[in-house]
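Peer 1: The structure is given below, and queries will be raised subsequently.
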Amino acid sequence: MSKFSPLLVVSHGQGDVFELAEYQALGISGENIVEIPPDEWIPLPEGSQLMELPGRLPVGRDRQTGEIVTLDETKDRQLLAVAAFVAPAYTICYHTAWEKSLRTRRLPLYAYSAVGWHDGRFYVPAVRIDPDIRQDPPNFNQAEINKSARRLLKRYPQNRLVKHLVNNCALTYGCPAALNYLLNRWEMPLPTARSCNSACLGCLSLQKNSDVCSAQHRITFTPTAEEIIEIAVPHLETAPNPIVSFGQGCEGEPLTNPQLLRDAISGIRKQTRKGTINCNSNASRPEVIAVLINAGLDSLRVSLNSALPEFYTRYFRPKNYTFENVLESIRVMKNAGRFVSINYFVFPGFTDQPSEIDVFEKILAEYKVDMIQWRNLNIDPEWYWEELKPPEETGIGIGQLIEYYKSKFPRLHHGYFNPYLG
């Protein structure tokens with residue numbers, strides 16, 4: 001047993017989270033219960049949340065016998081497993097360990113990190129992948145946010161996109177990107193799309209017949225190019241390190257509105273050359289990407305859960321496009337000298353499988369990708385595993401995977417957020 005082995009954290013199901021001194025916290029990689037290396041534990045980052053997992057019994061290692069056990073109850077009270085939803089800028093390395101009860105509903109759309117208790121504080125197996133402070137909780141002052149919300153609504157009384165960003169994104173959901181727009185800094189979200197040409201398993205804004213609730217409601221209107229330009233230009237002109245980004249969690253796929261995006265981007269660039277114009281996308285339409293490049297698109301963030309077409313298809317469930325179209329969009333961007341990030345949906349035990357690594361590194365090399373954004377996949381891990389049916393391979397570990405790509409591709413950027421290109 002290692003000297004540093006955080007204790008198992010459990011709950012009685014009423015918010016009373018506590019540790020069990022007799023048991024060591026464990027993690028899950030893929031379907032395997034594993035011991036978490038001591039050097040992969042870090043103090044729970046500020047802004048993270050602890051979650052009770054209904055219908056899931058905690059699994060830990062008996063510190064005396066070394067046996068892995070499933071815990072049902074203590075002092076005649078039912079126990080529940082506990083996970084951590086880790087703050088932005090951090091990539092998790094292991095899911096929390098549990099055993100599911102029968103007829104249990106799927107978990108909501110979060111990433112379920114292992115969590116432990118040691119010497120008076122919580123710990124999680126994670127790495128801070130991005131030093132950027134743009135979504136760190138201490139940087140958000142609610143009084144300033146409320147004041148700015150009133151100011152923007154007064155300044156743009158007819159702009160529906162402002163009302164959506166202020167009332168829904170910022171004040172209802174607390175979206176950090178929308179809050180940063182209110183505070184006139186860094187990256188500004190520009191949601192535009194009501195529809196999508198994917199039916200992603202873990203879609204945050206639209207779930208149908210999945211027994212899972214959407215994390216937020218999808219935008220209910222299509223803004224005009226004028227509404228977009230009206231607020232994007234001042235942000236690019238005045239904010240520090242300004243970025244404006246199409247493609248948000250509260251919308252579908254922005255490439256389904258090609259004319260709108262072309263008109264908005266060209267309209268923005270007619271008024272200012274400052275800042276970075278970015279699109280977060282499934283990259284399904286390379287012909288649209290070519291048009292947007294000509295209009296002034298600077299960077300493209302391409303979402304992937306896997307470099308292997310069969311697993312990509314099982315998760316994204318694309319409509320009228322293929323994985324080859326995604327790769328062609330990357331090629332089009334790079335041939336034009338533009339910046340490409342891979343929004344890599346990290347799932348411990350799958351993302352780090354040898355077969356996935358082998359194909360992904362070939363894509364990185366062939367297409368000269370500029371950056372990996374190591375984003376935690378928000379989904380019930382068992383649901384994901386059941387749907388994808390991945391091979392029975394042992395992952396090398398997420399921490400080791402990140403270090404491997406850093407050594408293999410020394411010029412590749414690693415982070416969590418879309419970068420300001422200067």
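Peer 1: Out of the range 345-364, which residues are farther than 22 Å from Glu35 by Cα and surrounded by fewer than 21 Cβ atoms within 10 Å (Cβ to Cβ)?
Peer 2: Across the range 345-364, the qualifying residues are Ser355, Ile357, Asp358, Val359, Glu361, Lys362, Ile363, Leu364.
Peer 1: Here are Lys147, Lys208: which of them is modelled with pLDDT of 95 or more and either among the charged types (D, E, K, R) or crowded, with 19+ Cβ neighbours inside 10 Å (or both)?
Peer 2: Lys147
Peer 1: Okay, moving on. For the range 44-55, give me each residue that is at pLDDT 95 or above and surrounded by 12 or more Cβ atoms within 10 Å (Cβ to Cβ).
Peer 2: Selection gives Leu44, Pro45, Gly47, Ser48, Leu50, Met51, Glu52, Leu53.
Peer 1: Looking at the range 69-121, what strands (runs of 3 or more DSSP E) fall wholly within it and have at least 2 residues that are touching a His at 6+ places or on another chain (Cβ under 8 Å)?
Peer 2: Qualifying strands (runs of 3 or more DSSP E): 80-85.
Peer 1: Also, I was wondering about something else. Is it the case that the range 352-359 has a residue that's closer than 30 Å to Ala81 by Cα, assigned to a loop (DSSP other than H, G, I, E, B) and touching a residue at least 24 places away in the same chain (Cβ under 8 Å)?
Peer 2: Looking through the range 352-359, at least one residue is closer than 30 Å to Ala81 by Cα, assigned to a loop (DSSP other than H, G, I, E, B) and touching a residue at least 24 places away in the same chain (Cβ under 8 Å).
Yes or no, residue by residue, for (1) assigned by TED's automatic domain parsing to the domain that holds Phe345; (2) over 22 Å from the mean Cα position of the chain (by Cα):
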{"residue": "Ala111", "(1), (2)": "no, no"}
{"residue": "Ala114", "(1), (2)": "no, no"}
{"residue": "His118", "(1), (2)": "no, yes"}
{"residue": "Arg121", "(1), (2)": "no, yes"}
{"residue": "Ser148", "(1), (2)": "yes, yes"}
{"residue": "Pro157", "(1), (2)": "yes, yes"}
{"residue": "Asn168", "(1), (2)": "yes, no"}
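Peer 1: Pick out the one residue from Ile402, Ile372 that is within 25 Å of Asp132 (Cα to Cα), assigned to a helix (DSSP H, G or I) and among the aliphatic types (A, V, I, L, M).
Peer 2: Ile402
Peer 1: Take the range 280-318 and flag every residue that is of a type in the set (S, T, N, Q), over 20 Å from Lys362 (Cβ atoms) and part of a helix (DSSP H, G or I).
Peer 2: Passing the criteria: only Asn294.
Per-residue answers, yes or no, for (1) of a type in the set (Phe, Trp, Tyr); (2) within 22 Å of the chain's Cα centre (by Cα):
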position	(1), (2)
Trp186	yes, yes
Ala193	no, yes
Leu204	no, yes
His217	no, yes
Thr224	no, no
Ile243	no, yes
Pro254	no, yes
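Peer 1: Is it fair to say Ala193 is of a type outside the set (S, T, N, Q), assigned to a loop (DSSP other than H, G, I, E, B) and either buried (at least 20 other Cβ atoms within 10 Å of the Cβ) or not assigned by TED's automatic domain parsing to the domain that holds Gly275 (or both)?
Peer 2: Judged against the criteria, Ala193 is a match.
Peer 1: His217: out of contact with any helix residue (DSSP H, G or I) (no Cβ under 6 Å at 6 or more places or on another chain) and modelled with pLDDT under 95, yes or no?
Peer 2: When the stated conditions are applied, His217 passes them.
Peer 1: Output the residues belonging to the range 176-190 that are touching a strand residue (DSSP E or B) at 6+ places or on another chain (Cβ under 7 Å) and closer than 18 Å to Arg150 by Cα.
Peer 2: Within the range 176-190, Ala177, Ala178, Asn180, Tyr181, Met188 meet the criteria.
Peer 1: On the basis of being out of contact with any His (no Cβ under 6 Å at 6 or more places or on another chain), more than 13 Å from Phe311 (Cα to Cα), part of a loop (DSSP other than H, G, I, E, B) and in the same structural domain as Arg301 (by TED's automatic domain parsing), does Thr394 make the cut?
Peer 2: yes
Peer 1: Here's something else I'd like to know. Pick from the range 364-422 the residues that are among the small types (Gly, Ala, Ser) and under 29 Å from Arg185 (Cα atoms): which of them is farthest from the chain's Cα centre (by Cα)?
Peer 2: Per the stated criteria, the residue is Gly422.
Peer 1: Within the range 300-334, which residues are in contact with a helix residue (DSSP H, G or I) (Cβ under 8 Å, 6 or more places away or on another chain) and either within 19 Å of Gln259 (Cα to Cα) or of a type in the set (Lys, Arg) (or both)?
Peer 2: Across the range 300-334, the qualifying residues are Leu300, Arg314, Ser329, Arg331, Val332, Met333, Lys334.
Peer 1: Something else: Quick one: Ala89 ticks every box in (1) of a type in the set (A, V, I, L, M); (2) on the phi < 0 side of the Ramachandran plot; (3) not assigned by TED's automatic domain parsing to the domain that holds Leu165 except a single one, so which number is it?
Peer 2: For Ala89, the failing item is (2).
Peer 1: Same structure, new question: Taking the criterion of being assigned to a helix (DSSP H, G or I) and under 24 Å from Gln49 (Cβ atoms), would at least one residue in the range 151-165 satisfy it?
Peer 2: yes
Peer 1: Please go through the range 211-269 and pick out each residue that is surrounded by 20 or more Cβ atoms within 10 Å (Cβ to Cβ) and in a loop (DSSP other than H, G, I, E, B).
Peer 2: Ile219, Pro223, Ala239, Pro242, Gly247, Gln248, Gly249, Cys250, Glu251, Gly252, Glu253, Asn257
Peer 1: May I ask you to list the residues in the range 15-34 that are closer than 15 Å to Ala114 by Cβ and surrounded by fewer than 16 Cβ atoms within 10 Å (Cβ to Cβ)?
Peer 2: Correct list: Glu31, Asn32.
Peer 1: In the range 405-422, how many are part of a helix (DSSP H, G or I) and touching a residue at least 12 places away in the same chain (Cβ under 8 Å)?
Peer 2: 2
The values are calculated or read from the model by the stated rules, or taken from the named source; none is laboratory data. Note that this is a predicted model, so its numbers are computed, not measured. Every residue, glycine as well, gets a Cβ built from its backbone with ideal geometry; the counts of neighbours run over all protein chains shown.
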